[in-house]
Amino acid sequence: MDVRFIVAVVGAALAPLAFSQRNYRVDPLHTVTTFSVSHLGLSLQRGSFGRTTGTVMLDRAARMGSIDVAIDAASVTSGSPSREAMLKGEDYFNVAQFPVITFKSTHMKFDGDSLVGCDGELTMRGISRPVTLSVADFKCAIHPATKKPACGAEVAARVKRSDFGMTKNQPSTGDEVIIAIAIEAIQQ
């Protein structure tokens, strides 16, 4: 049998697999990372980070992929300059020593071809811990401005700040922190 024929047949069979993998870049203008934590058990205090970047690789047909996100810890905002200074300080995010918070996926969960969850490692203050992200409202479409495929979702996780060495003001400020990311990513 002709080797060229075998190569052509194998190439044709594998071509759909090669093209089902899509690489996306997180759109920092349309991605917002927020957090909330209980204060005195009376209310949820909220904050956000102004700069989130990263990459997402999706192969929806094979139900695989990866997420690699970086959050600029110094971009934290809370609506209060004194609270923001405290959050940037050594007792909390310690942005002088640890300027970036990262999440790197280890396993993605799909329901059909829709992403519904992701396991990975969250690193804050130089401490890495396993975290499970829930993914809701996962959608993909052609972006009207770029004319490229784009995907978006609502992502959430619950972590204990004490797991990352942030124990200041406990128990008046709760240990459980809800992290939420409204994310959009555009195919590269």
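The values are calculated or read from the model by the stated rules, or taken from the named source; none is laboratory data. These numbers come from a predicted model, not from an experiment. Counting neighbours? That spans all protein chains shown, and the Cβs are built from the backbone with ideal geometry, glycine included. All accessible areas refer to the heavy atoms of the entire protein, side chains included, with ligands and DNA or RNA removed. Shrake-Rupley method; radii C 1.70, N 1.55, O 1.52, S 1.80 Å.
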- Could you tell me whether any residue of region 84-97 is in a strand (DSSP E or B) and either basic (Lys, Arg) or open to solvent by 30 Å² or more (accessible area, probe 1.4 Å) (or both)? no
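So how many residues does region 53-64 have that are at pLDDT below 95 and of a type in the set (Gly, Ala, Ser)?
Residues flagged as at pLDDT below 95 and of a type in the set (Gly, Ala, Ser) within region 53-64 amount to 2.
For region 73-111, give me each residue that is small (Gly, Ala, Ser) and under 21 Å from the mean Cα position of the chain (by Cα).
Initially, region 73-111 is screened for residues small (Gly, Ala, Ser), giving 73-75, 78-80, 82, 85, 89, 96, 105.
Selection gives 73, 74, 75, 78, 105.
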- Message: For region 147-159, give me each residue that is out of contact with any Lys or Arg (no Cβ under 9 Å at 6 or more places or on another chain), open to solvent by 40 Å² or more (accessible area, probe 1.4 Å) and part of a strand (DSSP E or B).
- Response: 154, 158
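Of all residues in region 17-57, how many are surrounded by 13 or more Cβ atoms within 10 Å (Cβ to Cβ), of a type outside the set (Lys, Arg) and assigned to a loop (DSSP other than H, G, I, E, B)? I'd like the intermediate steps shown before the answer.
So in region 17-57, the residues surrounded by 13 or more Cβ atoms within 10 Å (Cβ to Cβ) come out as 20-28, 30-39, 45-57.
Right, trim to of a type outside the set (Lys, Arg) and you get 20-21, 23-24, 26-28, 30-39, 45, 47-50, 52-57.
With assigned to a loop (DSSP other than H, G, I, E, B) added as a condition, the list becomes 27, 31, 50.
The number of residues fulfilling the criteria is 3.
Select from region 154-187 the residues that are among the charged types (D, E, K, R) and either touching a residue at least 60 places away in the same chain (Cβ under 8 Å) or within 18 Å of residue 29 (Cβ to Cβ) (or both) and list them in ascending order.
Within region 154-187, 154, 161, 168, 176, 184 qualify.
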- Just wondering, is there one or more residues in region 160-181 that are open to solvent by 40 Å² or more (accessible area, probe 1.4 Å), of a type outside the set (A, V, I, L, M, F, W, C) and within 13 Å of the chain's Cα centre (by Cα)? no
- Scan (1) closer than 21 Å to residue 62 by Cα; (2) free of Cβ contacts under 8 Å to residues at least 40 places away in the same chain; (3) exposed (fewer than 15 other Cβ atoms within 10 Å of the Cβ); (4) of a type outside the set (Lys, Arg) for the single condition residue 134 breaks and write down its number. (3)
- Task: Tell me which residues, restricted to region 24-67, are closer than 16 Å to residue 175 by Cβ and of a type in the set (Val, Ile, Thr).
- Result: 37
